[in-house]
């Protein structure tokens, strides 16, 4: 059967591109701003398990990333710098967490190790937490205030929104 009779090459390329970028993932419901961040258990790359939102009284920035995603990799140096900015001195002002999705665990661990991420990094096996959080494509950053309320969700390369990132993070404090 000659598939080119039914589909043009550009149509096939667009379909494959959408498929690879996660646009055809199962339906997920995005987080509602003002809702409580959903509890989920995550296994960190160190082997420890922890509750994703287990930071009572502390603001939190959670970034969902993938090893294959150029925008995810491009965001890492910026997020590391932001972590240092909000956690210099003796008091941690904002908890940061990076969650690997849509990647084989070892590839994600290699990327996190290469960048020497200084805050907790976990792997979302089967993208279960991503679905609970309504995340269908990386990178996505979730901003949670001290009471555990979702204040903002940003889809895309956070480095492109540097000023907004610091404003949004400061609003959590």
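The values are calculated or read from the model by the stated rules, or taken from the named source; none is laboratory data. Just so it is clear, the model here is predicted, and its values are computed rather than measured. Every residue, glycine among them, receives a Cβ derived from its backbone with ideal geometry; neighbour counts consider all protein chains shown.
Taking into account only those residues within the stretch 40-76 that are closer than 17 Å to residue 101 by Cα, in contact with a strand residue (DSSP E or B) (Cβ under 8 Å, 6 or more places away or on another chain) and in a loop (DSSP other than H, G, I, E, B), which is modelled with the lowest pLDDT? Looking at the filtered set, the residue picked out is 52.
Being within 22 Å of residue 35 (Cα to Cα) and within 11 Å of the chain's Cα centre (by Cα) is a condition met by at least one residue of the stretch 98-108.
Within the stretch 138-173, take every residue that is out of contact with any helix residue (DSSP H, G or I) (no Cβ under 9 Å at 6 or more places or on another chain) and surrounded by 17 or more Cβ atoms within 10 Å (Cβ to Cβ) and give me the one that is nearest to residue 84 (Cα to Cα). The selected residue is 172. Taking residues in the stretch 57-74 that are touching a residue at least 12 places away in the same chain (Cβ under 8 Å), and partners anywhere that are surrounded by fewer than 21 Cβ atoms within 10 Å (Cβ to Cβ) and part of a loop (DSSP other than H, G, I, E, B), the pairs with Cβ atoms closer than 6 Å and at least 6 places apart or on different chains are 57/146; 59/145; 59/146; 59/173; 71/157; 74/157. Counting just the residues of the stretch 118-134 that are in contact with a helix residue (DSSP H, G or I) (Cβ under 8 Å, 6 or more places away or on another chain) and assigned to a loop (DSSP other than H, G, I, E, B), which one comes out farthest from residue 42 (Cα to Cα)? The selected residue is 118. Check residue 26 against each of (1) in a loop (DSSP other than H, G, I, E, B); (2) within 16 Å of residue 128 (Cβ to Cβ); (3) modelled with pLDDT of 75 or more and name the one condition it does not meet. Every listed condition holds for residue 26 apart from (3). Taking residue 154 as the residue in question, decide whether it is in contact with a strand residue (DSSP E or B) (Cβ under 9 Å, 6 or more places away or on another chain), part of a helix (DSSP H, G or I) and at pLDDT below 95. So residue 154 fails the test. Please verify whether residue 61 is buried (at least 17 other Cβ atoms within 10 Å of the Cβ), farther than 26 Å from residue 31 by Cα and touching a helix residue (DSSP H, G or I) at 6+ places or on another chain (Cβ under 7 Å), treating the condition exactly as stated. No. Residue 112 meets each of the listed conditions (1) more than 18 Å from residue 38 (Cα to Cα); (2) outside any helix (DSSP H, G or I); (3) in contact (Cβ under 8 Å) with a residue 60 or more places away in the chain apart from (2).
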